[in-house]
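Working notes for the structure below.
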Amino acid sequence: MSLPHAHGGPVAEANLKAIPADFQVFECMHVVPEEEGEHLWLEIEKTGWNTEDVAMWLAKTAGIHRLSVGYSGLKDKHAVTRQWFSLHLPGKADPDFDWPEGVRLVQAVRHRRKLNRGTHRANRFVIRATGFRGDEMLLAERMAAITAQGIPNYFGEQRFGRGAGNLVRGREWLTGGEAPRKKALRSIWLSAVRSDLFNQVLAERVSRGIWNRVLAGDILQPEGSRGLFHADDDVEAAARVISGEVHPTAPMPGVPGMASSGPCREMEHQILAPSQAVIDGLCREGVDEIRRATRLPVQDLQWSLQQEREGENTLEVAFRLPAGAFATTVMAELVTTPEPSA
């Protein structure tokens, strides 16, 4: 699905992820380990490793069950990423790790609690786009617009698997096709399907210019909160959305939850009606409908253009996003990737 842009489309062409070091991710933790307890927290920098692969290696090396290893979020394999893991080691000393290639220990500290999914609140990104070809003035204008207004909170293409395979298989399963053979695939396929449905509704709002504006019947979410409330219950809702204090939301379908109304409900129903069989499948699987903000603030945005050898320019962009947001959606508002030559 081709997703509409909020700020007029990319202003340049560049290569993304030419090497892993071009895409760096750092977890921003709000929990400070207490330096004592049964859980060993490890901040690890990894390259070429999936998060789950690191967790399994840690469990095997420490001689503990895989479920005794915790982490907050999944991180990209083809990148340099820094994230936290925890190991439950009651009555045990810290293991003597012989770190494999691509995995480096940054720090180790004890804590009283396991590190659970969703513990970190944000991620910081440093991204290098090589072979940059574009107008620097237009780029500066686009950066200013993103800083001031944010971007549509689309799910990135990595949510859907290679060639959107997880999305295709998930939709087929939910409409009577083959079920996932592995338990872990169930949640992956369900997430892909629901993320695509959300993207469809958000794309319509972007096309109408209301991804960052109130529509009658909207359900709103305060910035930095998971709480929801009806826009029609707040006479200041429109002004609060414009100021960035609260955001409109769109559904990730499932068993019905807090429902929009009026024009917002009509628009959502119109977009999702062709996928009703898929939504019925989500309900049969017991997945609860949730709402996700349609606007993504991009915090601490900084950028520079650097001239490399042979006259090529490299764009370096750094910013912070809340957990669950996709850096690729930020870059999609800035640059397009050239098609490979035949």
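Things worth noting here:
- Breaking point among (1) open to solvent by 10 Å² or more (accessible area, probe 1.4 Å); (2) over 18 Å from the mean Cα position of the chain (by Cα); (3) under 22 Å from residue 321 (Cβ atoms), for residue 63: (3)
- Filter result for the condition that a residue is farther than 14 Å from residue 296 by Cα, modelled with pLDDT of 95 or more and surrounded by fewer than 21 Cβ atoms within 10 Å (Cβ to Cβ), over 192, 238, 148: 238
- Boolean, residue 32 is open to solvent by less than 30 Å² (accessible area, probe 1.4 Å), of a type in the set (Val, Ile, Thr), under 27 Å from residue 111 (Cα atoms) and free of Cβ contacts under 8 Å to residues at least 60 places away in the same chain: no
- Test: residue in segment 85-97 that is out of contact with any helix residue (DSSP H, G or I) (no Cβ under 8 Å at 6 or more places or on another chain), farther than 18 Å from residue 50 by Cβ, in a strand (DSSP E or B) and not β-branched (Val, Ile, Thr): no
- Listed by first and then second residue, the pairs linking a residue in segment 185-212 that is charged (D, E, K, R) to a residue that is open to solvent by 10 Å² or more (accessible area, probe 1.4 Å) and at pLDDT below 95, with Cβ atoms under 6 Å apart and 6 or more places separating them unless they lie on different chains, are 186/180.
- Yes/no for residue 189 being in a loop (DSSP other than H, G, I, E, B) and within 28 Å of residue 165 (Cα to Cα): no
- Reported count of residues in segment 2-14, each being part of a strand (DSSP E or B) and surrounded by fewer than 17 Cβ atoms within 10 Å (Cβ to Cβ), is 1.
- Residue ranges of helices (runs of 4 or more DSSP H) in segment 254-342 with at least 2 members free of Cβ contacts under 8 Å to residues at least 24 places away in the same chain, of a type outside the set (Lys, Arg) and touching a His at 6+ places or on another chain (Cβ under 6 Å): none
- From the options 60, 114, residue that is charged (D, E, K, R) and outside any loop (DSSP other than H, G, I, E, B): 60
- Subset tally (residues that are of a type in the set (D, E, K, R), assigned to a loop (DSSP other than H, G, I, E, B) and surrounded by fewer than 17 Cβ atoms within 10 Å (Cβ to Cβ)) for segment 195-220: 1
- Residues that are open to solvent by 20 Å² or more (accessible area, probe 1.4 Å), closer than 17 Å to residue 174 by Cβ, of a type in the set (Gly, Ala, Ser) and under 26 Å from the mean Cα position of the chain (by Cα) occur in segment 281-303; there is at least one.
- Enumeration of residues in segment 73-109 that are over 30 Å from residue 17 (Cβ atoms) and open to solvent by 40 Å² or more (accessible area, probe 1.4 Å): 88, 90, 91, 92, 93, 94, 96
The values are calculated or read from the model by the stated rules, or taken from the named source; none is laboratory data. Since the structure is predicted, the reported quantities are computational estimates derived from the model, not experimental observations. All Cβ positions, glycine included, derive from the backbone under ideal geometry; neighbour counts span all protein chains shown. SASA here: full protein model, heavy atoms, side chains in, ligands and nucleic acids out. Shrake-Rupley method; radii C 1.70, N 1.55, O 1.52, S 1.80 Å.
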